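K.L.:
A single structure is presented below for examination.
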Amino acid sequence: MKKIIFLSLIISLIIGSCAKEEVKSPLEGAWQIIYVKVASMDQTFPAQISGSQIKMWSKEHYAFTGQFKVDTLVQDNYGWGTYTLDGNKYEEYVTLHASKSSIGNTVRMLLEIRNDTLTYSYPTDENWNLPEKYNTEKYIRIK
């Protein structure tokens, strides 16, 4: 009887250790914005633009919320949608956005994660090439 219990325990441990563990993307989690350069502006965050933004990713969705201030203009920034990531090629499908004209669009970006720092540049064309002037955002992982 002891042998049967012992063998059952060993078999259970072997089966349990063989179960495929889902690999979590390094993108998943919450990130705090630390730098923004917008192609159409001479100002950058946080040098001339103040504010804050958090962006979060789950397995298939992203969401962000923040607020920025340039001179006396205060701009709320928020949005969410779905995304795909293939290597460094990242696409966001915009479901909701503070800028109503962005809703329904797909934005292609080049993304890089080094340790706890995430950087992406956009918009790329259909061949994943950046224009001469492009936007850059940099985030650090929230612990």
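K.L.:
May I ask you to list the residues in the range 84-101 that are touching a strand residue (DSSP E or B) at 6+ places or on another chain (Cβ under 9 Å) and among the polar types (S, T, N, Q)?
P.N.:
Answer for the range 84-101, where residues must be touching a strand residue (DSSP E or B) at 6+ places or on another chain (Cβ under 9 Å) and among the polar types (S, T, N, Q): Thr84, Asn88, Thr95, Ser99.
K.L.:
Sticking with this one: Counting only residues that are assigned to a strand (DSSP E or B), closer than 21 Å to Asp116 by Cα and not small (Gly, Ala, Ser), how many does the range 59-72 have? Break it down into steps so the answer makes sense when it comes.
P.N.:
Initially, the range 59-72 is screened for residues assigned to a strand (DSSP E or B), giving 61-70.
Add one more test, that the residue is closer than 21 Å to Asp116 by Cα, and what stays is 61-66.
Keeping just the survivors that are not small (Gly, Ala, Ser) gives 61-62, 64-65.
Residues in the range 59-72 being assigned to a strand (DSSP E or B), closer than 21 Å to Asp116 by Cα and not small (Gly, Ala, Ser): 4 in total.
K.L.:
Further question: For Met56, are the conditions met, namely being closer than 30 Å to Asn115 by Cβ, at pLDDT 90 or above and aliphatic (A, V, I, L, M)?
P.N.:
On the way: closer than 30 Å to Asn115 by Cβ: yes; at pLDDT 90 or above: yes; aliphatic (A, V, I, L, M): yes.
The answer is yes for Met56.
K.L.:
Could you tell me whether any residue of the range 58-68 is buried (at least 17 other Cβ atoms within 10 Å of the Cβ) and of a type in the set (D, E, K, R)?
P.N.:
Of all residues in the range 58-68, those buried (at least 17 other Cβ atoms within 10 Å of the Cβ) come to 62, 64, 66, 68.
Narrowing further to those that are of a type in the set (D, E, K, R): none.
Within the range 58-68 (the criterion being buried (at least 17 other Cβ atoms within 10 Å of the Cβ) and of a type in the set (D, E, K, R)), the answer is no, since none of the residues qualifies.
K.L.:
In addition: For the range 94-104, indicate whether the set of residues that are charged (D, E, K, R) and in contact (Cβ under 8 Å) with a residue 12 or more places away in the chain is non-empty. Lay out the reasoning, then the answer.
P.N.:
Restricting attention to the range 94-104, the residues satisfying the condition of being charged (D, E, K, R) are 100.
Add one more test, that the residue is in contact (Cβ under 8 Å) with a residue 12 or more places away in the chain, and what stays is none.
Looking for residues that are charged (D, E, K, R) and in contact (Cβ under 8 Å) with a residue 12 or more places away in the chain, one finds none in the range 94-104, hence no.
K.L.:
Return the total of residues in the range 70-83 being in contact with a strand residue (DSSP E or B) (Cβ under 7 Å, 6 or more places away or on another chain) and exposed (fewer than 12 other Cβ atoms within 10 Å of the Cβ).
P.N.:
We begin by selecting, within the range 70-83, every residue in contact with a strand residue (DSSP E or B) (Cβ under 7 Å, 6 or more places away or on another chain); these are 74-83.
Checking the rest, the ones that are also exposed (fewer than 12 other Cβ atoms within 10 Å of the Cβ) come to 74, 76.
The total comes to 2.
K.L.:
Got at least one residue in the range 56-67 being closer than 20 Å to Pro123 by Cα and free of Cβ contacts under 8 Å to residues at least 12 places away in the same chain?
P.N.:
no
K.L.:
Restricting attention to the range 106-130, which residues are without any contact (Cβ under 8 Å) to a residue 24 or more places away in the chain, surrounded by fewer than 14 Cβ atoms within 10 Å (Cβ to Cβ) and not in a strand (DSSP E or B)?
P.N.:
Residues satisfying the conditions are Asn115, Asp125, Glu126, Asn127, Asn129.
Let's see how each residue does on (1) among the aliphatic types (A, V, I, L, M); (2) assigned to a strand (DSSP E or B); (3) at negative phi:
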| residue | (1), (2), (3) |
| --- | --- |
| Val36 | yes, yes, yes |
| Ala47 | yes, no, yes |
| Val74 | yes, yes, yes |
| Asn77 | no, yes, yes |
| Val94 | yes, yes, yes |
| Gly104 | no, no, no |
| Thr136 | no, yes, yes |
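K.L.:
Among the candidates Asp71, Asp125, Asp76, which residue alone is modelled with pLDDT under 95 and of a type in the set (Asp, Glu)?
P.N.:
On the way: Asp125 fails: modelled with pLDDT under 95; Asp76 fails: modelled with pLDDT under 95.
When all the criteria are applied, what remains is Asp71.
The values are calculated or read from the model by the stated rules, or taken from the named source; none is laboratory data. Values in this document were obtained by computation on a predicted structure and should not be read as measured data. Methodologically, a virtual Cβ is constructed for each residue, glycine included, from the backbone with ideal geometry; neighbour enumeration extends over all protein chains shown.
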